[in-house]
Amino acid sequence: MYGAFLGDMIGAPYEFDRGNKSKDFPLFKRSSQFTDDSVMTAAVAEALMNSFGKSDDEIRAELISSMQKWGRRYPNAGYGVMFKGWLAAADPKPYNSFGNGSAMRASSVGWLYNDIGSVRKAAALTSAVTHNHPEGIKGAEATASAIFLARTGKSKVQIKSYIMTEFGYDLSRTCDEIRPTYHHVESCQQTVPEAITAFLEGSDFEDVIRTAVSLGGDCDTLTCIAGSIAEAFYGVPDELVKECRARLSEDIIEVTDRLRKMTGLN
């Protein structure tokens, strides 16, 4: 999940259109710290590992429990208003959101499951506990599917074709066409396609990160999504892994190490 964490922390200083729409920027700043994107990525990963092989109801219960636990542990990580209410609820219910939070937290799904049907089913479950709008579910499924396809050796042409055919996202625009008018927006519909496009155009892991940040908008989340796919396709350079771990909390590192061991990456 290093790709997701790096995308989050590198993109965070430029969120709310604070960047200059350029790929030329310092990769790390003092303010390059993880946000709610990383916290919920860890929460979902922990929940899926704890409930792996169990029933859908057990997975949902574990997701709710884990997400609330992590959200309360990091109450100031930058959650949206509706999600804050969900975190505090005694009996939390989904609230028909199509926000991009469903996609940014789904990266572990693409690593834990070994066929596309299982990936999509699990991604939908991780979304629907909060973001049960069809577009929210679609965003999570598309992100996890792209990660799975990337890590199983599919080409960018194959990944692009699958995402367009299965999810109907428009991936025909270039980043140069997106960039001038793109602005801060928090829907899956206007984040996931842009993140996937940044991945498709990037020439290596770092270039994907820089391309995603250069689009602007909600670029911690957008770059979290793009980075999670780029990790599966390119891997992450050792020096960036080291920098990432230095900026993560111990509990997030523990979840990351557990996931890597469970998926055979260690």
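The values are calculated or read from the model by the stated rules, or taken from the named source; none is laboratory data. Just so we're clear, the structure is a prediction, and the values are computed from it rather than from any experiment. Methodologically, a virtual Cβ is constructed for each residue, glycine included, from the backbone with ideal geometry; neighbour enumeration extends over all protein chains shown.
Worth pointing out:
- Where helices (runs of 4 or more DSSP H) fall wholly inside segment 1-79, the ranges with 3 or more residues that are under 20 Å from Ile229 (Cα atoms) are 2-11, 36-50.
- Unmet requirement for Thr41, which otherwise passes all of (1) more than 25 Å from Phe199 (Cβ to Cβ); (2) at pLDDT 95 or above; (3) not small (Gly, Ala, Ser): (1)
- Close pairs (7 angstrom Cβ cut-off, 6 or more residues apart or separate chains): in contact (Cβ under 8 Å) with a residue 40 or more places away in the chain in segment 253-265, surrounded by 13 or more Cβ atoms within 10 Å (Cβ to Cβ) and charged (D, E, K, R) anywhere: Val255/Glu46
- Looking across His131, His184, one residue alone is of a type outside the set (Phe, Trp, Tyr), farther than 30 Å from Asn20 by Cβ and in contact with a Cys (Cβ under 9 Å, 6 or more places away or on another chain). It is His131.
- Of all residues making up segment 212-235, the number that are touching a Cys at 6+ places or on another chain (Cβ under 8 Å) and surrounded by fewer than 24 Cβ atoms within 10 Å (Cβ to Cβ): 1
- Just one of (1) modelled with pLDDT of 95 or more; (2) under 25 Å from Tyr74 (Cα atoms); (3) of a type in the set (Val, Ile, Thr) fails for Val185. It is (1).
- Total residues in segment 144-179, condition in contact (Cβ under 8 Å) with a residue 24 or more places away in the chain and assigned to a helix (DSSP H, G or I): 17
- Selection within segment 183-210: residues that are buried (at least 24 other Cβ atoms within 10 Å of the Cβ) and among the polar types (S, T, N, Q). The member of this set that is farthest from the chain's Cα centre (by Cα) is Thr197.
- Counted residues, segment 18-74 - those being crowded, with 24+ Cβ neighbours inside 10 Å and among the polar types (S, T, N, Q): 2
- Within segment 128-143, the set of residues being in a loop (DSSP other than H, G, I, E, B) and in contact with a helix residue (DSSP H, G or I) (Cβ under 6 Å, 6 or more places away or on another chain) comprises Val129, Thr130, His131.
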